[in-house]
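The values are calculated or read from the model by the stated rules, or taken from the named source; none is laboratory data. Owing to the predicted nature of the structure, the values given are computational and were not obtained by experimental measurement. Here Cβ is always computed from backbone atoms with ideal geometry, including for glycine, and neighbour counts include all displayed protein chains.
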Amino acid sequence: MLGMLMLSFFTTCFLILLVIFSSIRSPNQEGEIDEPVSLKELLKKGNKRLKTLLVRKKDNKRNERLEQTLSLAGVPLKAEEFVVFRWFAVLISGGLFFLPSHQIVMFLIGGLLGYYLPLVWLKRKQKKRVQLFNAGMPGMLTSIIGSLKAGFSFLQSLQMVAEESDSPIKEEIGFVLKLIQYGTSMEEALIEWKKRMPSEDLDLLVEAILIQRQVGGNLAFLLEKIVDTMRARNKLENQVQTLTAQGRLSGMIIGFLPVGLGVVIYFLNPDYITPLFTHPIGQGLLIAAVISEVTGFMFIRKITTIEV
């Protein structure tokens, strides 16, 4: 089994190298051999061919969603590059789990972790960036209000805020300005911005601006009311987070304490806990314990998660 796995690993590496180095010299349309390319061009061509090999062309919609997620998370990668990164993580994580135990089950477990952990990391990074965006929106709107009162238009105010703000406000406003520069109307650009950024505060802002552009009115006064609403909501969310901190901590303890205790017992007295993994009754109890732990953790998390 070990020999077959190592053979598969080296075969995969050989195929990857073959795809890359087959780009060194290739005949052109006239049958002539091109001049040798530099190492940088070689790796660039090989990377394109490797992405073409691993990523299916029919998943255009899935790739577009992944591209949007990467952009929202602030990760400078394309969808194809992230897919290649996940498959390399599968090989590396699976190999690290397999080497100590030499069991194919451990390789599969490590491969699953290597496949899903990059996606979990990407989602957490996106969530953190959205939270930073929401936290910076009151300051952004305050700057826009000041520019409007000084006599600037809404578009000029956006340009000034984009120049003065930090990430991610700067990148998100730059996205809207780029759409407008490409010929998109202000209304359509704001709607695309709302579709791109999963933020309730941004939804409120865009809807208010769209209504104001249809019926008219004092935009600066309207934005001041929106800022007051956002700050009141943020204050309430902070109070809820403080009141539910004990419950969330209890959920974390319930989820991680048994695992940590099992690891400590395994290192102190392996014979005491080994029947839990080898005996059928122990395996059944272990499965029941995992299900109970996950259920309890999700139940407490659901209770302590309050939408404001």
Given the condition among the charged types (D, E, K, R), over 16 Å from G136 (Cα atoms) and either over 24 Å from the mean Cα position of the chain (by Cα) or not in a helix (DSSP H, G or I) (or both), answer yes or no: does some residue in the range 226-239 qualify?
no
So the check is Cβ under 7 Å with 6+ separation or different chains; which pairs have a first residue in the range 204-216 that's touching a residue at least 60 places away in the same chain (Cβ under 8 Å) and a second one that's surrounded by 14 or more Cβ atoms within 10 Å (Cβ to Cβ)?
L205/I226
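List the helices (runs of 4 or more DSSP H) that sit entirely inside the range 127-213 and contain at least 3 residues that are closer than 22 Å to T69 by Cα. Please lay out each step first, then the result.
On the way: elements: 154-164, 169-181, 186-196.
Fully inside the range 127-213 and qualifying: 169-181, 186-196.
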E224 being in contact with a helix residue (DSSP H, G or I) (Cβ under 8 Å, 6 or more places away or on another chain) and without any contact (Cβ under 8 Å) to a residue 40 or more places away in the chain
no
Close pairs (8 angstrom Cβ cut-off, 6 or more residues apart or separate chains): among the acidic types (D, E) in the range 108-136, modelled with pLDDT under 90 and in a helix (DSSP H, G or I) anywhere:
none
Could you list all residues from the range 254-296 that are over 20 Å from V105 (Cβ atoms) and either touching a residue at least 40 places away in the same chain (Cβ under 8 Å) or surrounded by 12 or more Cβ atoms within 10 Å (Cβ to Cβ) (or both)?
I254, G255, F256, P258, I265, S292, E293, G296
Filtering the range 62-85 down to residues that are surrounded by fewer than 17 Cβ atoms within 10 Å (Cβ to Cβ) and either modelled with pLDDT of 90 or more or touching a Lys or Arg at 6+ places or on another chain (Cβ under 6 Å) (or both) yields G74
Can you find a residue that is touching a Leu at 6+ places or on another chain (Cβ under 9 Å), of a type in the set (V, I, T) and surrounded by 15 or more Cβ atoms within 10 Å (Cβ to Cβ) anywhere in the range 123-141?
yes
